[in-house]
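S.K.: Structure below; questions to follow.
The values are calculated or read from the model by the stated rules, or taken from the named source; none is laboratory data. Every value quoted in this text rests on a predicted model; they were computed, and no experiment measured them. Methodologically, a virtual Cβ is constructed for each residue, glycine included, from the backbone with ideal geometry; neighbour enumeration extends over all protein chains shown. Note: accessible area is taken over every heavy atom of the protein model, side chains too, but ligands, DNA and RNA are not part of it. Shrake-Rupley method; radii C 1.70, N 1.55, O 1.52, S 1.80 Å.
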Amino acid sequence: MNHEPYKLIPEGFTAVPSIEGDEPELHFVDGFDQLDAIGVLVPSEGDVPASVGLHREALESAGFDGKPGSTLQLANASGTLVVAVGGGKPGSLDADGRRKAAAALVRATQRHARIGFELSDTEGIDAEQLGQVLAEGVLLARYSYETLKSKSKQAALREVQFLAPGLDSAPEDRAAADRGLTTGRVKVRATTIARDLCNAPPSHLTAAGLGEVSQELGKRFGFTVEEFDKQQLIDLRCGGLLGVNAGSAQEPRMIKLSYKPEGSPTGHLGLVGKGIMYDSGGVSLKPSDPMHLLMKMDMGGAAAVLAVFTALRDLGCTSAVTGFLMCTDNMPSGSAYKLGDVLTTRSGLTIEVKNTDAEGRLVMCDALTLAVEDKVDGIVDIATLTGAALMSLGQLTAPVFGNDQGLVDRVLASGNRADEQVWQLPLERAYRPQLDSDVADISNLGGPYAGSTTAALFLAEFVGETPWAHIDIAGTMQSDKDDAWRSKGATGFGARLLIDLALGYSAG
Ligand code: BES
Ligand code: MN
Ligand code: ZN
């Protein structure tokens, strides 16, 4: 059994994310009770709320300027820590700013189990949205991957009380705010699943393992899961996924997820996720630089799509959603696919492999074909596809491409609401000849420039006329540091955006 000792899995380890257990209580209150720490939103000018117990001069002399994202911890005689949380110019905090403020408070109270948050005003923000962003900020910032640590470095969060003036006078607002907390919680649970799966070591989570995790989650959260193994993928003629898998000691999996709403669906959305469990580059081996240490997260697209399905029933999604997770690792070996090999895809198109490290587009193309065959109204794919996405837009913004402006606009709007920033780049058809091949219908490698665009142009070949958008999360899949709602490590980027998009999706 111990011939691969590095795969020895600690007792109690499960790749199924630990989503049940001691969830903190979150609620709006009329007054604080029994807290270890209290955060108070303090604007950058004007009156300082009385609960801070200090004047502006005192805060300023301690270096607190009230800028959004800033915090100052104030020990005091009562033993309850008071944290001034920067609120920016009075009245300037939008929903996004409040999510960030909640995250900043949580980062300043890592050792505290019961936290209060006093919001100075709730003007100009919908009560339900307020609940949602507060839950998201708090819970996403408290995340850390500790499954494989012997000791936890932060205290378990037991309770967060929100004091929001204005809400107490209107019972219907209060109910809406509570609903928002629940929605936020469900979205964070989904994001946590995506993060845990991305953070899991590559030898602990294989393609077949992700299949098992999907089955488990499907039972719990009300969606169906079909797994396709190597033989079934051969029967389906998925030559792209099979080609990439050729060098692997592990079997590939295509995992098909389906959600159906109770009534008649408002539309049918197809989601496709890149599930490279580990990307070594294959025969076009990657160098051992720190970025490539992160290639266990090359299944971040698949993780985001799976995460979306865990939220649909609980959030009352009205559209049908079909997901495809395209899973294998990309390894060099005696049986690996080679440069110059030609793969035949399900669509019939043949592909010349000019670089085995451009494997993402090869596994995605078969799923795009299958989604089109399923006659979905629109397809959104999500993939850690190109280093060029990281080079062009960095770690905070993901490029989006598409053949249908309406669908791209919806992706942009959902990204805004979720604070998962996306920015449209052009699907410049003039670059398409870069993908020409002398021996096959198309090659998997473009020229030296606009790498994200040529990758998107490759994918576009497989969607025909079906409205389609492609999100490249190579840059945004992880964060080098704790930063607002992003906790260091995998970000789960795309899960909240795609949930927002799926909930009320309709054709056109
Ligand atoms: N998984 C990588 C892209 C990636 C890079 C994700 C950095 C996250 C961080 C992808 O499979 C890849 O290797 N892309 C190549 C494509 C190239 C060979 C055309 C790249 O971007 O270098
Ligand atoms: Mn690669
Ligand atoms: Zn990859």
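S.K.: Mind checking which pairs have a first residue in segment 263-279 that is more than 16 Å from ASN199 (Cα to Cα) and a second that is away from ligand 1 (no atom under 16 Å from the Cβ) and of a type in the set (Lys, Arg), Cβ under 8 Å, 6 or more apart or different chains?
M.R.: Here the result reads HIS268/LYS375, each pair linking segment 263-279 to a residue that is away from ligand 1 (no atom under 16 Å from the Cβ) and of a type in the set (Lys, Arg).
S.K.: Looking at (1) in contact with a helix residue (DSSP H, G or I) (Cβ under 7 Å, 6 or more places away or on another chain); (2) more than 17 Å from PRO426 (Cα to Cα); (3) more than 15 Å from ligand 3 (Cβ to nearest atom), which one does LYS488 not meet, given that it meets all the others?
M.R.: Unmet for LYS488, out of (1) in contact with a helix residue (DSSP H, G or I) (Cβ under 7 Å, 6 or more places away or on another chain); (2) more than 17 Å from PRO426 (Cα to Cα); (3) more than 15 Å from ligand 3 (Cβ to nearest atom): (1).
S.K.: If HIS112 meets every condition in (1) over 26 Å from the mean Cα position of the chain (by Cα); (2) more than 30 Å from ARG179 (Cβ to Cβ); (3) not β-branched (Val, Ile, Thr) apart from one, which number is that one?
M.R.: Only one criterion is unmet by HIS112, namely (2).
S.K.: What pairs come up if the first residue lies in segment 341-360 and is without any contact (Cβ under 8 Å) to a residue 60 or more places away in the chain, the second is open to solvent by 10 Å² or more (accessible area, probe 1.4 Å) and within 16 Å of ligand 1 (Cβ to nearest atom), and their beta carbons are under 6 Å apart, counting only those six or more places apart or on different chains?
M.R.: none
S.K.: Condition first: in contact with an Asp or Glu (Cβ under 8 Å, 6 or more places away or on another chain) and surrounded by fewer than 24 Cβ atoms within 10 Å (Cβ to Cβ). Now tell me which residues in segment 348-383 satisfy that.
M.R.: LEU349, THR350, GLU352, ASP357
S.K.: Anything in segment 53-71 that is farther than 18 Å from ARG98 by Cβ and open to solvent by less than 30 Å² (accessible area, probe 1.4 Å)? List them, or say none. Before you say what the answer is, go through the steps one by one.
M.R.: If we filter segment 53-71 for residues that are farther than 18 Å from ARG98 by Cβ, which is where we start, we get 53-65.
Matches in segment 53-71: LEU59, PHE64.
S.K.: Right, something else. Out of VAL376, VAL363, VAL380, I need the residue that is within 16 Å of ligand 2 (Cβ to nearest atom) and touching a strand residue (DSSP E or B) at 6+ places or on another chain (Cβ under 6 Å). Which one? It would help to see each step written out before you state the result.
M.R.: Working: VAL376 fails: within 16 Å of ligand 2 (Cβ to nearest atom); VAL380 fails: within 16 Å of ligand 2 (Cβ to nearest atom).
Matching residue, one of VAL376, VAL363, VAL380: VAL363.
S.K.: Looking at the structure I just gave you, is LEU210 aliphatic (A, V, I, L, M), assigned to a loop (DSSP other than H, G, I, E, B) and not assigned by TED's automatic domain parsing to the domain that holds VAL40? Before you say what the answer is, go through the steps one by one.
M.R.: Details: aliphatic (A, V, I, L, M): yes; assigned to a loop (DSSP other than H, G, I, E, B): no; not assigned by TED's automatic domain parsing to the domain that holds VAL40: yes.
Answer is no for this residue.
S.K.: How many residues, within segment 7-43, are open to solvent by less than 70 Å² (accessible area, probe 1.4 Å) and in a strand (DSSP E or B)?
M.R.: Adding up the residues that qualify gives 9.
S.K.: Additional query: Which residue pairs have Cβ atoms closer than 9 Å, lie 6 or more positions apart in sequence or on different chains, and pair a first residue in segment 387-415 that is within 16 Å of ligand 2 (Cβ to nearest atom) with a second residue that is modelled with pLDDT of 95 or more and open to solvent by 50 Å² or more (accessible area, probe 1.4 Å)?
M.R.: Final answer for the pair search is ALA388/TYR449.
S.K.: Among (1) out of contact with any Phe, Trp or Tyr (no Cβ under 9 Å at 6 or more places or on another chain); (2) away from ligand 2 (no atom under 13 Å from the Cβ); (3) open to solvent by 10 Å² or more (accessible area, probe 1.4 Å); (4) in contact (Cβ under 8 Å) with a residue 24 or more places away in the chain, which single condition is ARG313 missing?
M.R.: Every listed condition holds for ARG313 apart from (1).
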